[in-house]
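Just below is one structure, and these are the notes that go with it.
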Amino acid sequence: MTSPAVAKVFELADLMPVRLRALVLLATFASLRWGEVAALRRMDLDLAARTVSVRQQHVELDTGELLVGPPKSRAGARTVAIPEAITGALRDHLDQFTEPEADALIFTGSRGGILRRSNFWRAAKWDKSTRKIDFPGLHFHDLRHTGNTIAASPARASKISYSAWDTTPSEQP
């Protein structure tokens with residue numbers, strides 16, 4: 001699952017509205033959970049070092065209430081390498097859609113608030129998009145597994161130099 005998987009991820013990302021394209025790429029190639037990618041702030045992304053630091057996550061309760069808290073596990077607070085192949089998309093996203101403040105959310109809803117999973121699914125036309133790339137039934141969490149598989153492959157996705165396994169656990173406050 002190397003280059004064909006990488007190609008499918010880019011194909012899926014290209015079907016997304018422009019403000020969600022980088023989210024799909026980052027979630028996959030940094031092997032992030034939904035709550036982690038939704039909680040990322042500008043200060044968590046270091047494009048020069050090609051890393052993303054996972055410090056918190058968003059959790060949406062059945063009541064619709066959104067909570068911000070630490071990552072799912074102790075090892076969940078980490079710094080992950082990201083491939084050079086997606087830094088351009090991330091830079092473009094930051095320039096177009098992310099406020100300049102260090103604590104600004106990287107990915108937001110259409111009105112600038114926290115991006116909820118249900119709004120993402122609707123805006124991304126997820127079911128239609130996954131069928132278009134011949135992966136009907138693909139779940140968002142499958143992107144994380146795909147990223148892990150690509151990172152663990154012997155060829156390391158050949159043309160993408162990075163590893164989701166290149167992580168540094170972060171100290172929890």
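The values are calculated or read from the model by the stated rules, or taken from the named source; none is laboratory data. Everything quoted here is computed from the prediction, not taken from an experiment. Glycine gets a Cβ as well: all are built from the backbone with ideal geometry, and neighbour counts include every protein chain shown.
So here's what we get for this one:
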item: Scan of segment 25-57 for residues that are over 24 Å from ALA5 (Cα atoms) and hydroxyl-bearing (Ser, Thr, Tyr), ordered by number; result: SER53
item: Lone qualifier among ALA81, ALA85 - being within 15 Å of the chain's Cα centre (by Cα), surrounded by 19 or more Cβ atoms within 10 Å (Cβ to Cβ), touching a residue at least 40 places away in the same chain (Cβ under 8 Å) and farther than 14 Å from ALA38 by Cα; result: ALA81
item: Yes/no for GLY64 being touching a strand residue (DSSP E or B) at 6+ places or on another chain (Cβ under 7 Å), of a type outside the set (A, V, I, L, M, F, W, C) and modelled with pLDDT under 95; result: no
item: Matching residues, segment 95-148, being of a type outside the set (S, T, N, Q), touching a Pro at 6+ places or on another chain (Cβ under 8 Å) and in contact (Cβ under 8 Å) with a residue 40 or more places away in the chain; result: ALA123, ALA124
item: Among the residues listed as ARG91, ARG122, ARG117, ARG131, the single one being exposed (fewer than 15 other Cβ atoms within 10 Å of the Cβ), basic (Lys, Arg), under 18 Å from VAL6 (Cα atoms) and at pLDDT 90 or above; result: ARG131
item: Pick from segment 99-114, criterion hydrophobic (A, V, I, L, M, F, W, C) and in contact with a helix residue (DSSP H, G or I) (Cβ under 7 Å, 6 or more places away or on another chain), ranking: surrounded by the most Cβ atoms within 10 Å (Cβ to Cβ); result: ILE106
